[in-house]
Amino acid sequence: GVSRFNEAPAFDFSAAGIPATLPLFGDENLGMANANVTLPLFMGGSLRHGIDAADAMRAAQVSKSDATAQQVKLAVARHYINVLRAQRGLDVAISSVRGLSAHMKDVEDMFEAGAVARNDYLSAAVSLADAEQRRLQAANALDLSRAAYNRALGRELGAPVELDASLPGLDVRLDTDSLGDLTAAAGRNRRELDGLGAAADAYRAEAKAVRGQTLPQLALTGSYYSLENDFLNRDDFWMVGLGVQWNLFDGGQARRKAGALRYRATAISQQRADLASMIELEVRQAWLRLNETRERRRLAERAVEQAEENLRVVRDRYRNGEGTNTEVLDAETLRSLSRSNYDNADFDASLALYELARGVGQL
């Protein structure tokens, strides 16, 4: 290895022969102790660059921790939205059961009066049973989504979950800024980029520290000796010196190690450039998805109104003997489908906004 002075002030204390008997001095007893202090003066830059490397690596770890925290926030937001989505799905399923139950009552009354065929009664009963199954499935989906949300928060899976339907607000600029502005903000805010940049700086500084080991190293040394004896007129001695150490040949170890560290720094810099491109794509994807889901929500909202009106008209026609049972069942199916489409578009838009906030680094 490379031999050099320690990179920090050092203190050493040692004691020997307390007491010791030396025949050379007439079997006199003596005790001896010494203390040494070494203060590095010049380490070829290895000390300074070593500190820089440690600071940069610490910054890299802090950035990594911050990025992980943002990712955890997004994961919790997904579970939060999934619970709201499942709750809305259960509401739709319950509404469908109620609607079909009311229709089943109308069909039953009309069948007993001989106004409709038995086939209408049977098809309405089958549709109601199918709606009951969907309600059970929706209830199970809600329970699972709540358990997953509790797990994400580190709570008991069966802990009660009562969520506010209004999601926490985000930076208003996510709605108003252009795609270019959002992409630029991501380049400034994403902690992953900061972390990789700091890691590359750490390896470059470490490479300089290794190269510094091949330069002359200068240190100030001080020593104190205490000798308890009966034959010398002094018991303590002081010494101050200046030491130089220079490893002229190490077989190229330092040069090769420094080169390997520089290559690693280059690789991390290239990884950072690739990540910057991926983040840009991530922001674009989230921005497009946000616009798409909001347009879907606008269209689905209109479809819900039309489906509600269609169901009302079809039921009136059936009660007056002008429509068919199939038309009523189809209208009920369309109403449930339109509500589900609206709810999914609404929650997809909320999730897309959170994904955009994560992509920009403002979650």
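The values are calculated or read from the model by the stated rules, or taken from the named source; none is laboratory data. This one's a predicted model, so the numbers in the text were calculated from it and none came from an experiment. Cβ sites come from the backbone with ideal geometry, for glycine too, and all protein chains shown count toward neighbours.
The table that follows gives values for the structure above.
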| quantity | calculated |
| --- | --- |
| Residue satisfying all of: in segment 337-361; surrounded by 20 or more Cβ atoms within 10 Å (Cβ to Cβ) and more than 26 Å from the chain's Cα centre (by Cα); nearest to residue 170 (Cα to Cα) among these | 343 |
| Residues satisfying the stated conditions in segment 187-236, i.e. over 30 Å from residue 248 (Cα atoms) and in a helix (DSSP H, G or I) | 187, 188, 189, 191, 192, 193, 194, 195, 196, 197, 198, 199 |
| Some residue of segment 236-248 being more than 30 Å from residue 200 (Cβ to Cβ) and either surrounded by 13 or more Cβ atoms within 10 Å (Cβ to Cβ) or modelled with pLDDT of 95 or more (or both) | yes |
| Tally of residues being among the basic types (Lys, Arg) and either within 30 Å of residue 327 (Cβ to Cβ) or in contact with a helix residue (DSSP H, G or I) (Cβ under 7 Å, 6 or more places away or on another chain) (or both) across segment 124-164 | 3 |
| Count of residues meeting criterion [in a loop (DSSP other than H, G, I, E, B) and in contact (Cβ under 8 Å) with a residue 12 or more places away in the chain] in segment 122-180 | 7 |
